[in-house]
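The values are calculated or read from the model by the stated rules, or taken from the named source; none is laboratory data. Values in this document were obtained by computation on a predicted structure and should not be read as measured data. Note: ideal-geometry Cβ built from the backbone for every residue, glycine included; neighbour counts use all protein chains shown.
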Ligand code: C2E
Ligand code: MG
Ligand code: MG
């Protein structure tokens, strides 16, 4: 975890800082101490050597007053020892007296004392007496102090030399006093020393090593103990940082560590716990559905995106089940919204009971639920789950307001096969759900690529249709409605036609639903209405007895707020009386709209003189109750009841019933889709006088209508019955 790493390095940094400070302190302290010791040692040595020289001179003069006297400088330091007798050669020779003298001096110095005689031939100072001893207290080898010796130059100039001199491979701090004869000429030298200088150097080195060793030890202890303490002290902070990190990165909530501590960490923990609480509330608001407490759309999309993220490596990621309650709207309408809410909550419980740990249920709004199930691994499992859900939801649900029969339809997308992104998976599950509903509710459908292709095709078609409408590429054909009695025309149905430049003729059964689903139907319908009125005007002007024009009105078009005004305007612009126009509506106008509203709009249309026809009667919702109350003029019997009626006695009975019903209600009856003479004969026999069908004519361009009408009339008259000459009929 990245933050853990950073935090560890914080511990390291604190420890390093601590060690750094301690190291600098040690270096400063030790350096200061060391240099003080060094200075003190040096001063001490200088004092000692000075004292040694004074003592040596005094002892010499005091022990042998008849031979030597001491000459001193202004500070009283001995500057030379003078031989006060003439026989200097005799005096500067080895004698037992000197052994005693030198050993006295040496004892006082705690060093060595030596006497030299200047050799007049070599000008070197030959040693003739010393207390210095070699290793194991042996007599040192004979020695002459020559020009290479550091004291030689000073002594030659009859001056004192104080400093380090080499001796048997080592260094000693020595004081050399020149010996002069009675005349003042240089005769020899006396040296005293205070031992090995190396000793001091050695001691100093030892001190340095000690300092280094102890400094290292102290630093190690500080680093170890400091690091450990820093690490331990950081532990609650680390836990808190981990919590903060999780809080930011995930939605898992856990207890805030360090809560209740009476220090900064405790404060921090308290603040974080407040933040966590706020975030929880925010999440509930942002990602929750207030009614059911389930995840909402935003949460669902986030979960779906998370599941489909490329980092989730598994090749099978579960299934997306989109579920829609059947007849939910009816419950809402029948029992009110609170019943609808209750039903949703009950449905939630029923669905949840079928889900496993790890499955996510969300409500996207209305009665749309969606299950995101990582547990469903294949189609078989998905099927099982869907069957259980459909079965459980098909059972009537008792609500305080009454018992409701709902049910559900489910669309399934397998993940990631049916969607690599959240949008794609959602869209595909939705396509499958729509298909399930279209196939008749209470069922489930798996997404497949044909569904997608069909949706794609609808989209392309919508685009093309929009373009065609903008460029006025749509035309109309007309199909006559024939009066069997006299072969005259009752009217023409005006039907939209679309000849696409590359795709050719696209049938209304394809483009009308697309127009309805894409908001294009008002434009299309108004265009057809206008064209129908224009044609009617043209025919009327040409004194062609066409009866009326019938125009199909889609339910969506009818419920435009200004539809009545649009119809009135079309009539006015083309100077057409209302009775020349018949509007065909389907039974779907009764769905989702109250009777009062239908009555009002129908009433307003009829006030314009327009007649109203119920198209495709018997094929749809068939709410017979409305037939009695609504201001309708005409029923168009659906083709399904006409085609093959000559050979099917049951169909014949049905048709007879419908005709009787229409007549009983005093409605005009037009039979659609008669293709054969036998069918027309049955219609005639059952008393249906108005027929629209391929038998007489297919839909045709309106300019052919007059000639076709003439042909139909003639042939009907000639044959007396229903045998028009089948010639020159335009193709649909
Ligand atoms: P519809 O209003 O029921 O129109 C009658 C349909 O039956 C026409 O199909 C017509 O060609 C067809 N038809 C008539 N006689 C026969 C026959 O003997 N045999 C067979 N097999 N079919 C026959 P079309 O033109 O393909 O139109 C289909 C549907 O599209 C129409 O059914 C209508 O619902 C809709 N439609 C057509 N034009 C418009 C329009 O301008 N606006 C609206 N809203 N819908 C339209
Ligand atoms: Mg129609
Ligand atoms: Mg019809």
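Against the definition (farther than 23 Å from residue 667 by Cβ, more than 16 Å from ligand 1 (Cβ to nearest atom) and out of contact with any helix residue (DSSP H, G or I) (no Cβ under 8 Å at 6 or more places or on another chain)), how does residue 568 come out, yes or no?
Values: farther than 23 Å from residue 667 by Cβ: yes; more than 16 Å from ligand 1 (Cβ to nearest atom): yes; out of contact with any helix residue (DSSP H, G or I) (no Cβ under 8 Å at 6 or more places or on another chain): yes.
Yes, satisfied.
Of the residues making up segment 696-716, not one is over 16 Å from residue 477 (Cα atoms) and at pLDDT 95 or above. Taken over segment 632-659, the criterion of being touching a strand residue (DSSP E or B) at 6+ places or on another chain (Cβ under 6 Å), within 14 Å of ligand 1 (Cβ to nearest atom) and part of a helix (DSSP H, G or I) is satisfied by 639, 642. Is it fair to say residue 522 is closer than 23 Å to residue 459 by Cα, free of Cβ contacts under 8 Å to residues at least 24 places away in the same chain and either surrounded by 17 or more Cβ atoms within 10 Å (Cβ to Cβ) or within 16 Å of ligand 2 (Cβ to nearest atom) (or both)? When the stated conditions are applied, residue 522 does not pass them. Here residue 583 meets each of (1) in a loop (DSSP other than H, G, I, E, B); (2) within 16 Å of ligand 3 (Cβ to nearest atom) with one exception, condition (1).
Scan segment 48-103 for residues that are farther than 22 Å from residue 174 by Cβ and in a loop (DSSP other than H, G, I, E, B) and the total you get is 10.
Of the numbered criteria (1) in contact with a helix residue (DSSP H, G or I) (Cβ under 9 Å, 6 or more places away or on another chain); (2) assigned by TED's automatic domain parsing to the domain that holds residue 700; (3) free of Cβ contacts under 8 Å to residues at least 60 places away in the same chain; (4) not in a loop (DSSP other than H, G, I, E, B), the one residue 427 fails is (2).
Only one of the listed residues (395, 376) is at pLDDT below 95 and surrounded by 21 or more Cβ atoms within 10 Å (Cβ to Cβ). That residue is 376.
Screening the candidates 596, 540, 568, 523 for the property of being outside any loop (DSSP other than H, G, I, E, B) and more than 27 Å from residue 705 (Cα to Cα) yields one hit, 596.
Out of the residues in segment 462-498 meeting the condition of being within 16 Å of residue 516 (Cβ to Cβ) and not in a strand (DSSP E or B), tell me which one is nearest to ligand 3 (Cβ to nearest atom). Result: 465.
So that you can scan it fast, the table gives a plain yes or no per residue for (1) within 16 Å of ligand 2 (Cβ to nearest atom); (2) farther than 18 Å from residue 612 by Cα; (3) at pLDDT 95 or above; (4) loosely packed, with under 15 Cβ neighbours inside 10 Å:
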| position | (1), (2), (3), (4) |
| --- | --- |
| 654 | no, yes, no, no |
| 664 | no, no, no, yes |
| 672 | yes, no, yes, no |
| 686 | no, yes, yes, no |
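For segment 274-282, indicate whether the set of residues that are touching a residue at least 12 places away in the same chain (Cβ under 8 Å) and outside any helix (DSSP H, G or I) is non-empty. Checked against the condition, which is being touching a residue at least 12 places away in the same chain (Cβ under 8 Å) and outside any helix (DSSP H, G or I), segment 274-282 yields no hits at all.
Scoring residue 140 on the criteria (1) at pLDDT below 90; (2) exposed (fewer than 12 other Cβ atoms within 10 Å of the Cβ); (3) in a loop (DSSP other than H, G, I, E, B) leaves a single failure, condition (2). What do you reckon, is residue 515 in contact with a strand residue (DSSP E or B) (Cβ under 8 Å, 6 or more places away or on another chain), surrounded by 21 or more Cβ atoms within 10 Å (Cβ to Cβ), in a helix (DSSP H, G or I) and in contact (Cβ under 8 Å) with a residue 12 or more places away in the chain? Taking the combined requirement at face value, the residue does not satisfy it.
Among the residues making up segment 608-631, those that are within 16 Å of ligand 3 (Cβ to nearest atom) and either under 22 Å from residue 693 (Cα atoms) or outside any loop (DSSP other than H, G, I, E, B) (or both) are 611, 612, 613, 614, 615, 616, 617, 618, 619, 620.
The set of residues from segment 572-585 being more than 11 Å from residue 610 (Cβ to Cβ), touching a helix residue (DSSP H, G or I) at 6+ places or on another chain (Cβ under 9 Å) and surrounded by fewer than 22 Cβ atoms within 10 Å (Cβ to Cβ) comprises 573, 574, 575.
Yes or no: residue 292 at pLDDT 85 or above, in a loop (DSSP other than H, G, I, E, B) and touching a helix residue (DSSP H, G or I) at 6+ places or on another chain (Cβ under 6 Å)? Please lay out each step first, then the result.
Details: at pLDDT 85 or above: yes; in a loop (DSSP other than H, G, I, E, B): yes; touching a helix residue (DSSP H, G or I) at 6+ places or on another chain (Cβ under 6 Å): yes.
The answer is yes for residue 292.
Residue 412 meets each of the listed conditions (1) in contact with a helix residue (DSSP H, G or I) (Cβ under 9 Å, 6 or more places away or on another chain); (2) in a loop (DSSP other than H, G, I, E, B) apart from (2).
Tell me, which residue of segment 660-678 that is more than 16 Å from ligand 3 (Cβ to nearest atom) and part of a helix (DSSP H, G or I) is nearest to residue 624 (Cα to Cα)?
Restricting attention to segment 660-678, the residues satisfying the condition of being more than 16 Å from ligand 3 (Cβ to nearest atom) are 660-661, 663-666, 676-678.
Pick out the ones that are also part of a helix (DSSP H, G or I) and you get 660-661, 663-664, 677-678.
Numbers: 660: 14, 661: 10, 663: 14, 664: 13, 677: 31, 678: 29 Å.
Per the stated criteria, the residue is 661.
Checking each residue in segment 476-496 for being touching a helix residue (DSSP H, G or I) at 6+ places or on another chain (Cβ under 8 Å) and either outside the structural domain of residue 526 (by TED's automatic domain parsing) or within 16 Å of ligand 2 (Cβ to nearest atom) (or both) picks out 476, 477, 478, 480, 482, 492, 494, 495, 496. Of the residues 549, 610, 564, 589, the single one that is within 16 Å of ligand 2 (Cβ to nearest atom), under 59 Å from the mean Cα position of the chain (by Cα) and in the same structural domain as residue 708 (by TED's automatic domain parsing) is 589.
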